[in-house]
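First the structure, in the form of structure tokens, and then the observations on it.
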Amino acid sequence: MKKIAIIGKPNVGKSSLFNRILKQRDAIISDQAGTTRDLKRRIVTIGEKEAELIDTGGLEDRDELFEKVKQKSLEAAKDADIILYMVDGKMLPDEEDKKIFRSLQKLGKELALVVNKIDNDKEEENVWNFYEFGAEHIFPISVSHNRKVKKLLEWIEARLPASKTIQLEVDEELDLDEILAMAEEGPKKEEEREIRVAILGRVNVGKSSLLNALLKEERSIVSDVAGTTIDTVDESTIYEDKVITFIDTAGIRRRGKIVGIEKYALNRTQKMLERADVALLVLDASEGITEQDERIAGYIDKYKLACIIVLNKWDIAKKEYKEAVQEVRDRLKFLSFAPVITLSAKTRKRVDKLYDLILGVYRNYASWIPTGQLNRVIKEAQMRHQIPAFKGKPVKILYATQYDTKPPKIALIMNRPEGLHFSYKRYLVNTLRENFDLEGTPVILSPRKRGERESEEEFE
């Protein structure tokens, strides 16, 4: 699959063009220079052909962080098959832009100069100034007005290979029902292969360093500047026949300190959590747990995600292992089901152990408990500790059945569901954990009367 890189200086409209081609608002756009820092990759369909589209950070030498962003962007351009170099058509040609563009010409790639912000015919006269670049292909467009973007897309499509037609080899002995069954099974198996893992934490706890360590390459920009990652960054890798997609989210500050573009980043993070399966809650082992760590952990509880607690920077931690874990258990009691792992993203020590832990936690998150075994455990739990009466009347669980996964959701069919106290539900969850491997996943209990549909009010 061919790669298309959109590069250029800050605020020329790269992320806007990325969203326009993608046909959805994916990359965060803002008038603030340097909003995009990490690469954002998406598979797009242009005409009837597919390609990988890459949105890059602005080319600027403002400071050390922006130098890293620039270097990352130029590396993406060198790796791409098609380069779209964007400039601001309302400005005069920039000497630095010319220098970079001519260096890209030497790569021998398919290269187009995209002159953005040409909103009308009169402004199109400014395009003549940009012929100084010596570009073979120049496209004056206005992304915001969707003006002449189609011509650019047609040029790109002409340079993409035709999509391969997938052919199904059918055994002549199979009947139509069997063929349809095979077709039905395919998408389900493919969906189960992907595990979406969100990397969560406050600013500067090492989330991007952890992503790079997991992927064994510099895929996310790392800097001592707090809030380096603004938009979510997702990268996929294959492990044990599973596609694990890591989502490096923006560092979350205290609500009073979230300003400007970070508000969009927070909203984007929360949308990503709606689609995630497993959360890696990254804590700074050298500093201990803060109130902000507790607030961020609350998002994991809100979205009922499987969870692994990662004590990063263990190489410079000041506490013993038992003391550090005890602090986690005392401060994050609502994540008592989550395993704790100590590691150092910087030295990459013990990072590889995360992969097997992720697979195990996800397996539990997607697990289905056989009805017979479930009812045996629930019945034994009631025999050991009878459910307290409600308003002087007995409360009984008639039977239990699991009705959903991710996380496991169990309906408790009862004579008086309103009489099941929170403390008893907690006792049942603990009993289930003792009998089944449910490490890393929340368990939802939903009391209801016989014949009642899934209640919107569920209890963990």
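Please treat every number below as a calculation from the coordinates, not as lab data. All values derive from a computational prediction rather than experimental measurement. Positions of Cβ are generated from backbone atoms using ideal geometry, with glycine treated the same way; all protein chains shown enter the neighbour counts.
Remark: the stretch 350-355, residue by residue, has Karplus-estimated 3J(HN,Hα) of 6, 5, 4, 5, 5, 4 Hz, where x stands for each Gly or Pro and the curve is 6.51 cos²θ - 1.76 cosθ + 1.60 at θ = phi - 60°. Once you have a ≥ b ≥ c as the square roots of the Cα gyration tensor eigenvalues for the stretch 3-158, tell me rounded if a/c is under 1.5, and otherwise prolate or oblate according to whether a/b is larger than b/c. In terms of gyration-tensor shape, rounded.
Under 5 Å from the amide H of E110 lie the amide H atoms of I83, each residue being 5 or more positions distant or on a separate chain, with H modelled from the backbone and absent for Pro and chain starts.
Please report the antiparallel percentage of DSSP beta bridges with both residues in the stretch 371-449, rounded to the nearest 5.
Close to 55 percent.
Rounded to the nearest 0.05, what FRET efficiency is calculated for E50 and Q386 with R0 set to 41 Å and r the Cβ-Cβ distance? For E50 and Q386, the calculated efficiency is 0.10.
Projecting label points 7 angstrom from Cα along Cα→Cβ for E418 and T401 puts them 2.5 nm apart. Within the stretch 371-449, the proportion of Cα pairs with more than 17 Å between them is 40 percent.
A Förster radius of 41 Å combined with the Cβ-Cβ distance from H137 to I238 puts the calculated FRET efficiency at roughly 0.65. Per-residue extension of 0.36 nm, minus the Cα-Cα distance of R433 and D356, leaves a gain of 25.7 nm for this segment. Taking 7 Å steps out from each Cα toward its Cβ at K349 and K2 produces label points 4.8 nm apart. Scalar couplings 3J(HN,Hα) for the stretch 128-144, obtained by applying the Karplus form with A = 6.51, B = -1.76, C = 1.60 to θ = phi - 60°, are 4, 4, 7, 5, 4, 5, x, 7, 6, 10, 10, 10, x, 9, 10, 5, 5 Hz; x denotes Gly and Pro.
Amide H to amide H distances under 5 Å link R147 with S142, where only residues 5 or more positions off or on other chains count and H is placed in the peptide plane.
Hey, with R₀ at 22 Å, roughly what FRET efficiency would V127 and E154 work out to, going by the Cβ-Cβ distance, to 0.05?
The value I calculate is 0.75.
By the beta-carbon count within 10 Å of each Cβ, the least crowded to most crowded order of K9, K349, fewest first, is K349, K9. Taking the Cα centre of the stretch 311-460 as the origin and placing charges on Cβ (Lys, Arg +1; Asp, Glu -1), which of A324, L335, F390 is farthest toward the positive end of the dipole? After comparing all options, I get F390. Each residue of the stretch 325-332 was assigned a 3J(HN,Hα) from its phi angle through the Karplus curve 6.51 cos²θ - 1.76 cosθ + 1.60 (θ = phi - 60°); the sequence is 5, 4, 4, 4, 5, 6, 8, 10 Hz, with glycine and proline shown as x.
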